[in-house]
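In what follows, a structure is listed as structure tokens, so that the remarks can point back to it.
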Amino acid sequence: MVKHNKRKRVVIAMSGGVDSSVAAAILKKEGFDVIGISMQVWDYSKFTAEEGEKFDTCCSLDDIHDARRVAEQLDIPFYVVNFEEEFQRLVIDDFVNEYLAGRTPNPCVRCNQWLKFELLLKKARGLGADMIATGHYARTELDTDGRYRLLKGIDPAKDQSYFLFTLTQEQLAATLFPLGGMTKQEVRALAAAYGLRVAEKGESQEICFVPDNDYVRFIEEERGKNLLSGNIVDRTGKVLGAHDGTYRYTVGQRKGLGIAHPEPLYVLGVDAARKEVTVGPRDALYSDGLIATAINWIIPVPDAAVEASCKIRYRHHPIPCRIVPIGGNRAEVRFAEKEKSVTPGQAVVFYDGDAVLGGGWIEKAVNSER
């Protein structure tokens, strides 16, 4: 399963869930010197929910307890590292700032980028580990030029390569994905075969720091209420109604507009500077392409257009596209056919079959004559 020197020391990021627990068990069985680490990133005492309410999240104290029990069961060292300050600064503040700037963020990518594959890797090296491992459904391989490739996990329903496009060659060289060649069903079966305490544990469904999925409540608790209220307008600028904050809306949204109109209206754009939400008919959601910024290339940086496919959100089927570098670590992505609901703030990830070429952050949708 894991084709590396089995005498190496590896730190496994343990969330307390089935995936990371099975990944740890696989590494231990294959002879690695395994150390388990859980990252404490969020103080759940901050969360205001009805007493006794429980949520299917990751990274809670219960999850850390589960991870510790699995580590004890596997007889591997286990540590908890407190990354709350870093998580607040690098993930939560970014999440809130993006919404307040009129974009729709993806905090899971940021968490992977800055915590798991930056801070945790540094922590692992401080423990004398050669590598880190996670329970992501993705794969790596070394090509004939000595460069690492990032590949989709073989289970299409669980593939998580989309969330990993920020990885550098150095990080890929130091990372193991023990589950990338397995299906979720196979992972569950292994958890039962190993007798792991978490074998029947459910899946994490929501963002860990917004366990009730109420993003508006969370943003207002972080920054205050009555922020960025303004007008809802049509494409000509005509005022159709009012709203209580641009951060309440995202491109493609239909519900919650509160506007009586003869045809269904959808959010076409959010302008936080003008405090405006633009709405229009469904066909106006389709775009010819997008501009992406802060691009990370896993392949050598191209100096010409690249024919590929791309995903503009996690649960999005890859679509054919042409990627044109335009300088400043940016690119124009031109779709083969118009695509619906290009959303600023989301990630666009480039693929060639199963291989991740790179990716970046959507700056804006574009339309052009072709």
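We did not get these values from a lab; they are worked out from the coordinates using the rules stated. Everything numeric in this text was worked out from a predicted model, so none of it was measured. When we count neighbours, we look across all protein chains shown, and the Cβ atoms used for this are built from the backbone with ideal geometry, even at glycine.
Summary of computed values
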| read-out | value |
| --- | --- |
| Gyration tensor verdict on the range 63-195 (Cα atoms; rounded if a/c is under 1.5, prolate if a/b is larger than b/c, oblate otherwise) | rounded |
| Potential extension, Val366-Lys122 segment - 0.36 nm per residue separation minus Cα distance | 83.9 nm |
| Among Phe335, Phe350, Phe165, residue whose mean-square fluctuation peaks in a GNM of the chain (springs only between Cα atoms under 10 Å) | Phe335 |
| Spin-label model distance (nm) - Val324 vs Asn226, 7 Å beyond Cα toward Cβ | 4.7 |
| FRET efficiency for Arg315 and Ala294, using Cβ-Cβ distance with R0 set to 22 Å, rounded to 0.05 | 0.50 |
| Electrostatic dipole magnitude of the chain [Cβ: Lys, Arg +1; Asp, Glu -1; Cα centre; debye, to 20] | 540 |
| Shape of the range 286-366, Cα gyration tensor, a/c cut at 1.5 | rounded |
| Cβ-derived FRET efficiency at R0 35 Å, Asp212 paired with Asp283, nearest 0.05 | 0.55 |
| Extension gain, His65 back to Gln185 (0.36 nm per residue minus Cα-Cα distance, nm) | 40.8 nm |
| Relative contact order computed over the chain (Cα-Cα under 8 Å; 6+ residues apart), in percent | 16 |
| In degrees, nearest ten, helix 18-29 long axis to first principal axis of the chain (Cα) | 30 |
| Shape call, the chain: gyration tensor on alpha carbons, a/c limit 1.5 | oblate |
| Net charge dipole size for the range 226-280 [Lys, Arg +1 and Asp, Glu -1 on Cβ; Debye, nearest 20] | 40 |
| Where labels lie 7 Å past Cα in the beta-carbon direction, separation of Arg147 and Asn97 in nm | 3.1 |
| Burial ranking of peptide ranges 289-298, 324-333, 258-267, 22-31 (average Cβ count within 10 Å, highest at the top) | 22-31, 289-298, 324-333, 258-267 |
| Nitroxide proxy distance, nm - points 7 Å out along Cα→Cβ at Ala260 and Asp43 | 4.9 |
| For the range 255-281 and the range 150-213, distance of Cα centres in Å | 37 |
| Protection-proxy order for peptides 84-95, 138-149, each taking the mean of Cβ atoms within 10 Å per residue, highest first | 84-95, 138-149 |
